[in-house]
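First the structure, in the form of structure tokens, and then the observations on it.
Here, each number is a calculation from the coordinates, and none is a lab measurement. Not measured: the values here are computed from a predicted model. With ideal geometry, Cβ positions are generated from the backbone for all residues, glycine too; neighbour counts draw on all protein chains shown.
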Amino acid sequence: MTGRVLGLGCGVPGGSAEILLIEALRSAQEAGAAVELVRLEELRLPQDADWFWDRLVACDAWVVSAPIISRTVPGRLKVLADLLLGPNADAAIVAGLLEARRAGVEPAVPFRVDERVLKPRVGAFIACGGSLTSQWKTLALPVMHTLAFSMHIKVVDQMVVEGAGTPRSVVLDEAALARAASLGGHVASQLGRAWPDAEYLGTPGTCPMCQLDMVVLSGRDVECATCGARGHLTTDATVEWTDLTTSVISMEEKRSHYAEIVETAQRHVGLRDEIDERARAYAAFGPVVHPPG
């Protein structure tokens, strides 16, 4: 399958996370995809954010590989996500603003409108850690999902590697290298498919939307902690999912969120003078200290 696969390496150049990413990209390349690797460490943020954005919206697939640090991903990856993603990259918000503008309406929301966001994309995640126990890796994949849901990128595979606790030591783990190559092949096989048609080819999880296993329990009510799908515990302690439209992965929830944002913005237009007046009372707060220079 032809198409462009963007790989983002979020660890030390040449380190274990990048080695796994290269395995995935090689496999995608062998399947006919054009591939490129960007190193997060080489991005000057925020200066290079627009350069990376153009590469992201041009790609057909995004594969992100990150080391696990303190149970989650490097903060620099979260910084990149905060700069580029969220409302500015939300597929429902972009579609809604485009539709409003075609109707001659300009909603009072200050978001970028880049129609390239709406291009179908698939994605995959690799998280690489040293610990052999699960509790040191729990938050990595859930946080990585924040890179995909706003742009409505269908995650088609994801994996966590353990035991790679010293530099480049993942080369000793033949199973992990083979699994990363398989992930790259899965991505290549789904290039060009729209969200409903792209298949999840990784290890199934409890949640049918994000395929992860983190849940919030309130009595017998269940909410996926990664994406927000809802259900309840059955008598045999399995989860029966009753509402997938509440998942932030779904376009239904994205559209509901867009409507909520627009309604809030419109309500605040008439209250702007009051908001500014009340806020002025906080501007004079005194004991603010600043870094030197």
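Inspection of the range 153-174 identifies at least one residue that is closer than 26 Å to Ala92 by Cα and not in a strand (DSSP E or B). Can you tell me how many residues in the range 114-142 are under 27 Å from Leu172 (Cα atoms), touching a strand residue (DSSP E or B) at 6+ places or on another chain (Cβ under 8 Å) and not in a strand (DSSP E or B)? Residues in the range 114-142 being under 27 Å from Leu172 (Cα atoms), touching a strand residue (DSSP E or B) at 6+ places or on another chain (Cβ under 8 Å) and not in a strand (DSSP E or B): 5 in total.
Residue count for the range 268-283, restricted to those that are of a type in the set (D, E, K, R) and farther than 22 Å from Pro107 by Cβ: 3.
Checking each residue in the range 211-261 for being of a type in the set (A, V, I, L, M), farther than 27 Å from Ile93 by Cβ and in contact with a strand residue (DSSP E or B) (Cβ under 8 Å, 6 or more places away or on another chain) picks out Val215, Leu217, Val222, Leu233, Val239.
Take the residues of the range 106-128 that are among the hydrophobic types (A, V, I, L, M, F, W, C) and under 26 Å from Ala259 (Cβ atoms): which is surrounded by the most Cβ atoms within 10 Å (Cβ to Cβ)? Result: Val117.
Considering Ala164, Ala140, the condition of being closer than 12 Å to Pro67 by Cα, crowded, with 18+ Cβ neighbours inside 10 Å and within 20 Å of the chain's Cα centre (by Cα) is satisfied by Ala140 alone. Which members of the range 59-95 meet the condition of being of a type in the set (Lys, Arg) and either without any contact (Cβ under 8 Å) to a residue 40 or more places away in the chain or at positive phi (or both)? Matches in the range 59-95: Arg71 only. The set of residues in the range 130-173 being under 28 Å from Asp197 (Cβ atoms) and acidic (Asp, Glu) consists of Asp157 alone. Anything in the range 96-115 that is touching a residue at least 24 places away in the same chain (Cβ under 8 Å) and small (Gly, Ala, Ser)? List them, or say none. Those that are touching a residue at least 24 places away in the same chain (Cβ under 8 Å) and small (Gly, Ala, Ser): Gly96, Ala108.
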